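In what follows, a structure is listed as structure tokens, so that the remarks can point back to it.
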Amino acid sequence: MGATMSAAQEELIRKHTARNSHVIVMLDENEAGQAGREDIACRLSKHCFVRVHQFAQPDAEPEHLFAEDLAEILEDAA
């Protein structure tokens, strides 16, 4: 998805969520990701519950997560 969310991506997420749905916004922990997550979270929060995940390490990226790391993040969000 990158560090921005297009109107088409927003509509797709909206179409597949309900007011009681939970979405985790998890972007790269670089300058672009940090700048984009607030906008994305704000826009999605009109449609569902949004949680923003911030990585502790600078320049961390979601695609580098191991399955165990992702499971822990999802467990913490529950």
Determine whether the range 3-26 contains at least one residue that is closer than 18 Å to Asp76 by Cα, without any contact (Cβ under 8 Å) to a residue 12 or more places away in the chain and more than 12 Å from the chain's Cα centre (by Cα).
no
Selection from the range 42-76 of residues within 15 Å of Thr17 (Cβ to Cβ) and open to solvent by less than 80 Å² (accessible area, probe 1.4 Å) yields Arg43, Leu44, Ser45, His47, Cys48, Val50, Arg51
Of everything in the range 10-41, what is among the aliphatic types (A, V, I, L, M) and open to solvent by 50 Å² or more (accessible area, probe 1.4 Å)? Give them in sequence order.
Leu12, Ile24, Ala32, Ala35
If we only count helices (runs of 4 or more DSSP H) wholly inside the chain, which ones have 3 or more residues that are touching a strand residue (DSSP E or B) at 6+ places or on another chain (Cβ under 8 Å)?
31-44, 67-77
The range 1-28, subset out of contact with any helix residue (DSSP H, G or I) (no Cβ under 9 Å at 6 or more places or on another chain) and of a type in the set (D, E, K, R), residue modelled with the lowest pLDDT
Arg19
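The values are calculated or read from the model by the stated rules, or taken from the named source; none is laboratory data. Being a predicted model, the structure only gives us computed values, none of them experimental. Positions of Cβ are backbone-derived with ideal geometry, glycine not excepted, and every protein chain shown enters the neighbour counts. Note: areas computed on protein heavy atoms with side chains; ligands, DNA, RNA excluded. Shrake-Rupley method; radii C 1.70, N 1.55, O 1.52, S 1.80 Å.
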